[in-house]
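Following: one structure in structure tokens, then a few remarks.
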Amino acid sequence: MASSTRSQALLLLVVLLPALVAAFSEDNPTDQRVLVLLEDLALKSSHSIFFKSLSSRGYELDFKLADDTKLALQRYGEYLYDALILFAPSVEGHLGGNLDVAAILDFVDSGHDLILAADTHTSDLIRDIATECGVDFDEDTEAVVIDHINFAIEGESDHSLIIGDKLVESDVILGKGGVKDPVLFRGIGHSVNPASDLVVTVLSASPSAFSAPPNAVLKSPPALTGTSISLVSLVQARNNARILVSGSLDLFSDKFFKSSVQKFGSSSRSGSGNEKLAVELSKWTFHERGHLKAVNVNHHKVGEKDEPSMYRITDNLEYSLEIYEWTGKAWKPYQADDVQVQFYMMSPYVLKTLDHNGKGLFYTSFQVPDVYGVFQFKVEYRRLGYTSLTLSKQIPVRPFRHNEYERFIKAAYPYYGGAFSMMTGFFIFGIVFLYHK
């Protein structure tokens with residue numbers, strides 16, 4: 001019996017070992033194993049170009065129906081996938097197996113990535129997942145984004161096939177050069193909190209757009225109008241997990257990828273930018289771009305190499321670290337002029353911008369303030385499109401010992417002079433008082 005149990009355990013290890021080796025790691029942060037949940041297997045062929053682009057970049061796609069009763073994200077406490085693509089906007093209640101809103105949020109909280117696509121018929125389940133991620137779809141379940149000015153003439157008379165060209169300006173997110181061609185969009189809009197630094201709108205509607213039921217007679221202004229309507233948004237959680245939320249499932253379809261676009265009022269046609277946008281956003285979401293890591297964090301006194309256990313007030317020290325950026329295949333030195341370090345105790349006593357040598361090494365030097373206590377070296381680096389770096393290292397700072405002060409302090413020379421002049425004056429006064437008649 002014991003021999004059979006050991007054999008089963010060995011067999012399980014052999015089966016899971018390749019998956020564990022290929023999993024997300026700091027040395028290779030790109031996702032490898034992706035679970036694709038579809039509400040209909042026909043989506044596998046209607047969105048084949050998008051899926052083939054992922055497969056060609058080395059991703060292992062596991063296609064399953066969203067209501068499959070055998071669905072599972074983890075087994076024996078280990079996640080089976082690095083990322084999830086949820087192309088099942090109308091699935092009601094809960095997903096198959098033990099998947100629900102809480103399970104998907106736990107998946108993201110564990111550092112895994114998510115691509116979520118909604119549609120004109122989006123269930124409460126998908127809306128709840130998006131809301132928990134910081135994206136709020138229009139509360140009107142019948143509303144779609146309509147634009148009577150910036151629409152494609154190939155669409156229906158309700159002008160719900162709109163053209164989006166208001167894209168975020170970021171080479172990290174959209175790739176070098178960005179997306180030049182117009183993007184076709186048919187779906188629902190959402191709003192994001194403009195004060196949040198975790199959510200960024202990638203594609204927004206034009207000023208003439210609004211969110212409402214098609215062909216409806218509006219008796220009051222729509223809740224979402226103009227550029228406040230987000231069509232595609234990205235979320236980067238505090239644990240650097242990434243989420244792509246699109247209000248249109250058709251945005252990823254072969255039909256939209258291959259369509260030529262003619263805007264209302266224009267006589268010219270151009271190819272759609274949907275394929276470029278979808279591919280570049282998937283690269284960002286799956287950490288092929290914009291992923292940073294910091295290594296070899298060092299600090300020491302000037303002229304020394306070893307890290308001390310504590311510093312003394314007014315010591316001169318040097319601080320350095322190395323930052324690298326993942327290119328999808330290898331790490332390359334990161335270059336930026338806005339990386340800062342704080343020497344922090346309740347508030348920053350020193351704030352220095354780090355110099356760099358162009359090879360990934362960032363460094364600076366400064367004098368320890370004339371204040372003793374427990375300080376921290378803190379680096380909190382956040383830049384659009386990049387994973388955040390949060391580094392903290394605690395170090396105590398002590399005052400001078402009794403035998404470390406200078407014998408004579410220059411700043412006290414006036415007091416020394418006053419004391420000796422007082423003694424000299426008293427001596428002269430005594431002589432004069434006693435011996436002068």
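The values are calculated or read from the model by the stated rules, or taken from the named source; none is laboratory data. What you are looking at is a predicted structure, and each value in this text was computed from that prediction instead of being measured. Neighbour counts are summed over all protein chains in view; Cβ atoms, including those assigned to glycine, are modelled from backbone coordinates with ideal geometry. For accessibility, only protein heavy atoms count, side chains too; no ligands or nucleic acids. Shrake-Rupley method; radii C 1.70, N 1.55, O 1.52, S 1.80 Å.
General observations
- Taken over segment 69-83, the criterion of being closer than 21 Å to Ser282 by Cβ and either open to solvent by 90 Å² or more (accessible area, probe 1.4 Å) or assigned to a strand (DSSP E or B) (or both) is satisfied by Tyr79, Ala83.
- So Leu86, is it of a type in the set (A, V, I, L, M) and surrounded by fewer than 22 Cβ atoms within 10 Å (Cβ to Cβ): no
- You will find that of Arg289, Arg238, the residue that is more than 30 Å from Tyr344 (Cβ to Cβ) and part of a loop (DSSP other than H, G, I, E, B) is Arg289 and no other.
- Filter result (in contact with a strand residue (DSSP E or B) (Cβ under 8 Å, 6 or more places away or on another chain) and open to solvent by 30 Å² or more (accessible area, probe 1.4 Å)) within segment 241-256: Asp250
- Top-ranked residue of segment 307-331 - restricted to ones that are β-branched (Val, Ile, Thr) and under 21 Å from Lys283 (Cα atoms), ranked as surrounded by the most Cβ atoms within 10 Å (Cβ to Cβ): Ile323
- Residues of segment 388-408 classified as more than 30 Å from Thr201 (Cα to Cα), within 52 Å of the chain's Cα centre (by Cα) and assigned to a loop (DSSP other than H, G, I, E, B), total: 8
- Considering segment 312-387, the qualifying strands (runs of 3 or more DSSP E), each wholly inside and each with 2 or more residues that are at negative phi, in contact with a His (Cβ under 6 Å, 6 or more places away or on another chain) and not β-branched (Val, Ile, Thr), run over 316-326.
- Residue match in segment 119-136 (condition: farther than 26 Å from Leu84 by Cα, open to solvent by less than 10 Å² (accessible area, probe 1.4 Å), touching a residue at least 24 places away in the same chain (Cβ under 8 Å) and assigned by TED's automatic domain parsing to the domain that holds Ser228): no
- From the options Gly111, Gly93, Gly97, residue that is on the phi > 0 side of the Ramachandran plot and open to solvent by less than 30 Å² (accessible area, probe 1.4 Å): Gly111
- Selection within segment 191-210 - hydrophobic (A, V, I, L, M, F, W, C) and within 16 Å of the chain's Cα centre (by Cα): Val192, Ala195, Leu198, Val199, Val200, Val202
- Scanning segment 164-201 for residues that are open to solvent by less than 40 Å² (accessible area, probe 1.4 Å), over 21 Å from Gly290 (Cβ atoms) and at pLDDT below 90 yields one hit, Gly164.
- Positions within segment 349-372 being in contact with a Lys or Arg (Cβ under 9 Å, 6 or more places away or on another chain) and open to solvent by less than 70 Å² (accessible area, probe 1.4 Å), in sequence order: Gly360, Thr364, Ser365, Phe366, Val368
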